[in-house]
Number of protein chains: 2
Amino acid sequence: MLEYSLDKTFAALADPARRAIVERLTQGPATVSELARPLPMSLPAAMLHLKVLEEAGLVTSAKVGRVRTCQVNPAMLSQAEHWVADRRAMWARNLDRLGAFLNAAKAEDET
Amino acid sequence: MLEYSLDKTFAALADPARRAIVERLTQGPATVSELARPLPMSLPAAMLHLKVLEEAGLVTSAKVGRVRTCQVNPAMLSQAEHWVADRRAMWARNLDRLGAFLNAAKAEDET
DNA sequence: GCTATACTCAAGCATACGCTTAAGGATCCT
DNA sequence: AGGATCCTTAAGCGTATGCTTGAGTATAGC
C-alpha cells in the first residue's frame, strides 16, 4: 500500500470499461479473460485497464498457474467515497453557517 | 442538466488542481481569479480546469459585470458518491453470500 | 513431448491533455 | 475618454492515453 493517490483512484474510475470491471468484481473474483470477454476491445487493451485499476489500488490480483484471478479492494473505494462525502458535508456546513448569518442579520435589522 | 456523466465527473475529480478548486468552493462561492490565484499555473490554465468542472456538472458559474462567480453543485458530488457506495455495498453483500455458502457447505460436510 | 490455453510484452499510431504566452474583448472607475 | 481590472480566446507544443496487431512465455492436459 504505497502511494495510492486519489488522482489515480478517480482517474481509474473515469473510464466506463474500468467501471465495468469493478462492477463485475463486486460480484466476486474473476480471471483476466472473464473480465476482458464482455469488453469491446482486445485482451491486451483490457489488461491495460486492469493494470490501471491495480496501480490505483482498486483491484488486487494473484496468479496461480497460468490463471490470474482478480478481486476488488473495497478500501480504495472507501477512500474515494470519503473524499466526496467529506467535501459535500463541508459544503452543507458552510451553507448552514451562511443561513445562520443571514438570519442573525435579519434579526438585527428588526431590532 | 443534460448528459452529465460519471465519466466526466470522475475525470474531473482526478486532477489535484480541480479537487483544490472544489475544496475551495465548499467554503462558499468564489470568483475565477480567487480560484486561480493559489494554483501553480497561469490563469488561462486554471480556467480550463474550471471549464472541465463545469462541463462535469460539479461547478456552476454566472457572470455579473466582468466578474464570474462560481459555486459547487453538490448534486453531482452525490452522484459520484453513490456510484462508489453502491458498488461497495454490492461487494459486501456478495461477500456475505459467499460466507453463508461456505458455512452451509461446512454444515453439510458435518452431517 | 506436443498442443491448446491464458496471459504478457512490444511496436506503432492517432488522439486527447495540460500548459504556456500573447492578444482580444468587456466592464468599472476617475 | 483613458486606464486598470477581469475574463476569454487563440496558437503552439510536448507528453500521455488508448487502442491495435503480432509475437512470446508459461502452464495444463493428453
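The values are calculated or read from the model by the stated rules, or taken from the named source; none is laboratory data. Just so it is clear, the structure is predicted and the values come from calculations on it, not from any experiment. Quick reminder, even Gly has a Cβ in these numbers, built from the backbone with ideal geometry, and neighbours come from all protein chains shown. Quick note on the areas: whole protein, heavy atoms, side chains included, nothing else; ligands and nucleic acids left out. Shrake-Rupley method; radii C 1.70, N 1.55, O 1.52, S 1.80 Å.
Select, from A:6, A:50, A:39, A:77, the only residue that is touching a residue at least 12 places away in the same chain (Cβ under 8 Å), within 23 Å of residue B:86 (Cα to Cα) and within 10 Å of DNA strand C (Cβ to nearest atom).
Values: A:6 fails: within 10 Å of DNA strand C (Cβ to nearest atom); A:39 fails: within 10 Å of DNA strand C (Cβ to nearest atom); A:77 fails: within 10 Å of DNA strand C (Cβ to nearest atom).
Every option except A:50 fails the conditions.
Within the stretch B:15-43, being surrounded by 13 or more Cβ atoms within 10 Å (Cβ to Cβ) and of a type in the set (Ser, Thr, Tyr) holds for B:26, B:31. Somewhere in the stretch A:72-85, is a residue within 13 Å of DNA strand D (Cβ to nearest atom) and open to solvent by 10 Å² or more (accessible area, probe 1.4 Å)? Checked the stretch A:72-85: no residue is within 13 Å of DNA strand D (Cβ to nearest atom) and open to solvent by 10 Å² or more (accessible area, probe 1.4 Å). Residues that are modelled with pLDDT of 95 or more, touching a strand residue (DSSP E or B) at 6+ places or on another chain (Cβ under 7 Å) and within 28 Å of residue A:53 (Cα to Cα) occur in the stretch B:22-36; there is at least one. When the stretch B:4-13 is filtered for residues that are aliphatic (A, V, I, L, M) and crowded, with 21+ Cβ neighbours inside 10 Å, the ones remaining, listed by number, are B:12, B:13. Checked against the criterion of being farther than 20 Å from residue A:94 by Cα and more than 10 Å from DNA strand C (Cβ to nearest atom), the stretch B:12-27 contains one or more residues that satisfy it. Note on the stretch B:53-67: among residues that are aliphatic (A, V, I, L, M) and touching a residue at least 12 places away in the same chain (Cβ under 8 Å), the one that is nearest to DNA strand D (Cβ to nearest atom) is B:67.
If you check residue B:92 against the conditions, is it at pLDDT 95 or above, open to solvent by less than 70 Å² (accessible area, probe 1.4 Å) and small (Gly, Ala, Ser)? The answer is no for residue B:92.
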